[in-house]
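A short write-up of the structure that comes next.
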Amino acid sequence: MMNWLKKLWNWLKNLFYSPSDTTKTPVTPPKPKLSDAEYESVLFALLEGVKKGRSWGSCQGFLISRKITSDELAEWIEKKSIEWLENKDNYQQLGQDLGKLGEIASGKLGNIAANVSSELGVRGSELGNFQGNNLQNTELNPTPSETQNTTPSQTTTDEVQRLLDQAVEQYQRGEYQEAIASWDKALEIKPDKDEAWYNRGVALNNLGRLEEAIASYDKALEFKPDKDEAWNNRGNALDDLGRLEEAIASYDKALEFKPDLDQAWNNRGIAASLSAANEREIRQLQSRFIDRFQFELTDASRQLINYFQSLETGDFRHLISFLQQPNSEKLIQFLYQSQLQSISRLNPELNERGYKGQLISYRFPLNKHIFKDSHPEGWGFLHHKIGVAQYKHQEYHNAINSYYCALETLTVEQFPELRLEVIQDLVTVYLAVGDKEKADDYLLQGLKLMNELLDQVPIANKNQRLRLEAKFLNLKQKQLNNNQHQSLLSIENPKKDLIFSKIESAIINTYFATIEPSITTIEDFKNVIPNHTHLHFTGHGYYNSDDPKKSFLEFENKSKLTAYKINQLNFNSYQLITLDACETALNGQKPIEGEYVGLVSAFMKGGANCVVSTLWTVDETSSAWLMIYFYQQYDAGITPKIALQNAQEWLKDVTNEQLSIWLTKLLEDKKTKTINPHILELIKDEINRYQKHNPNIKPFEHPYYWLGFIVHQF
């Protein structure tokens, strides 16, 4: 028996864990996997920036803003290049652009971009000369002769790049203060490095040091006045300080240089909604904008000199001397020229404030700069923001229409998280208009999508999981509130031959507001299916390997509810079905699109959102404890997949002593006190039994007891 179990254990390891899993490092778990469309969006935006003269440091800042590392993008390019190389003629322009990226990028991304460009047949002479003050990529393993020929200038450049790379890595680890120190050292060597000033500002903003962040953004703009992301972030910091009209002026500068920057339009709209400035005040501030910026730039230099003089470590005399120089006349001329193209000057309607001004800011770029086909993310994002504003002003039906416009382009495949944000707000607005049916429909869609997003996050990546759970807390709360209307169809061992099924069903029933009295016949089961949202079956299930559609759940008097019959029933209202019966998870070899091949397939095809089932006959005691623990997790709002993983880990590691404590807490729970006294006595007997055994023994450590349970979810 044990030899058979060992073989089965090895087979299951191969089934559930692919060989590639062993190469993953648990120290830095990967982020949720981006779709190809999302990677393409990032890559082409990056390449466009490179063509416009962005340096490598600026590119790194862009990647930070998109929450992706250069190595992750490099790995995707390497994988995607297989497809590109099959049609080289169609990707010559891409090859040239990758070659330019390879010239400025360091590390893995620079190497892979250059290699793919070469493999696409793009020769060095075809790449053109990349202009600007960008750092050149250096070989990872230079030859001795190359090392000997290294000039002091190259050494300085390499050191600056090392510090910039180090700062980005520190920032990505959340070590903002350390990252700032690295950027400071890079600036001492090269004070006009605009991306270092910009990224330094981002880190300071994250630390809540807003005035210092603005000073860093101002210095970045001194050296690159068309840096749209610096103008946008500068506006955010000013907005946080309550300087709303100055913030709007900064957003307008960002939009002069990048009119399709949807985030800047959104930020502008928020500031406009809060501003009470009249037209005279707005015009006055606009006319003084350049003078004001010159003053702030001078003040920024003064602040920074004081800061660097106060540092006890490092020698910043060169940087301090640089900061003491007067503002560039060339910069001021540039600002005066660009002011003639001010977006507010050319479009006076943008000087509206309040709710009207907010909607104008959101709607103005649509079909002028942001188009449905070419800018699906920005189009959907701004329509969502229009809906949010309309909802706050109780224009509920207008908000619904705006949300639907957003969903047209924010697809599950390309922008799942943005889509979920819209769905969360749709649930809220449908509840506001009293349409509970549609609210429930979108709540179910939202919970399903949220589960999919959470399932993509490795368990070890707690920060990412917490971020998602916090972001969609409102959706989760509505699920918990909706639990008052959720009901359980509990089928408790129709054969009446499993003692622990009584304990299992009784405890699980307490997690639901409405419970159907135990059903024992197939006919009664069919009649009550439409009335519930959850099904829990304890009993016996059998898999027919010769004819899988004849696999069945056993009811009273040995009557059989086959997979074929289940296929004819409607389970669209069911969020979760748990089948605590043997062999319910086994399927035949035919695809699910064809003949129904097993019990789980039939339930899923009938509309069930999620099914938990077993691969083999499991000990009824361990099965009861695992299912109760699973439902405890599920009741707390944890997704079925993670809830089952947690339950399996718990059962594997739990000791006799811990089991007795856990069961005692179950007895003390207020909900449990409503259970039949006979069942409470059964639980007490189990507590006494565990207390008599070695407290440190793990009775269910063997995989036989816990590995057979699996989750199926579309």
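Work out from phi, with θ = phi - 60° and the Karplus expression 6.51 cos²θ - 1.76 cosθ + 1.60, the ³J(HN,Hα) of each residue of the stretch 536-544, listed in order in whole Hz, and give x for Gly and Pro.
So the Karplus estimates, Gly and Pro as x, are 10, 10, 10, x, 10, x, 9, 9, 9 Hz.
Sorted from largest to smallest, which semi-axis lengths in Å does the alpha carbon gyration tensor of the stretch 289-398 give for its equivalent ellipsoid, taking the root of 5 times each eigenvalue?
Values: eigenvalues 346, 75, 43 Å².
Output for the stretch 289-398: semi-axes of 42, 19, 15 Å.
Once amide H atoms are built 1.01 Å from N in the peptide plane, which residues 5 or more positions from Thr578, or in another chain, come under 5 Å H to H?
The list, which skips near neighbours in sequence, is Leu535, His536, Phe537, Val612.
Greater than 22 Å separation of Cα atoms is the criterion. Which listed pairs, Lys51/Lys108; Lys258/Lys368; Lys224/Lys356; Lys224/Lys253; Lys385/Lys471; Lys385/Lys641, meet it?
Distance filter (> 22 Å) returns Lys224/Lys356; Lys385/Lys641.
Can you list residues from other chains, or at least 5 along the same chain, whose modelled amide H is less than 5 Å from the amide H of Asn544?
Under 5 Å from the amide H of Asn544 lie the amide H atoms of Ser551, Phe552, each far enough along the sequence or on another chain.
Based on the Cα gyration tensor of the stretch 411-563, what are the three equivalent ellipsoid semi-axes, each the root of five times an eigenvalue, rounded to whole Å and given largest first?
Sorted largest first and rounded, they come to 35, 19, 16 Å.
Could you compute how much accessible surface Phe62 exposes when probed at 1.4 Å, giving the result in Å² to the nearest 10?
Surface accessible to solvent at Phe62 totals approximately 30 Å².
Given a Förster radius of 25 Å and the C-beta distance between Ser321 and Arg173 as r, what FRET efficiency does 1/(1 + (r/R0)^6) yield to the nearest 0.05?
The calculated FRET efficiency here is 0.15.
Whole Å is fine, so just give me how far the alpha carbon centre of the stretch 185-251 lies from that of the stretch 319-335.
Result: 16 Å between the Cα centres.
Under the Karplus relation 6.51 cos²θ - 1.76 cosθ + 1.60, θ = phi - 60°, what is the ordered set of whole-Hz ³J(HN,Hα) values for the stretch 358-369, x standing for Gly and Pro?
4, 5, 4, 4, 6, 8, 3, x, 5, 6, 10, 10
Would you report the distance distribution of C-alpha pairs in the stretch 398-458 as whole percents per 5 angstrom bin, up to the bin with the largest distance?
The percentages, shortest bin first, are 4, 19, 29, 25, 14, 6, 2, 0.
Can you tell me the order of 674-680, 399-405 when each peptide is scored by its average per-residue count of other Cβ atoms within 10 angstrom, highest first?
399-405, 674-680
The values are calculated or read from the model by the stated rules, or taken from the named source; none is laboratory data. These numbers were taken from a predicted model, which means no experiment stands behind them. Glycine gets a Cβ as well: all are built from the backbone with ideal geometry, and neighbour counts include every protein chain shown. Surface areas here come from the heavy atoms of the whole protein model, side chains and all, with no ligands, DNA or RNA. Shrake-Rupley method; radii C 1.70, N 1.55, O 1.52, S 1.80 Å.
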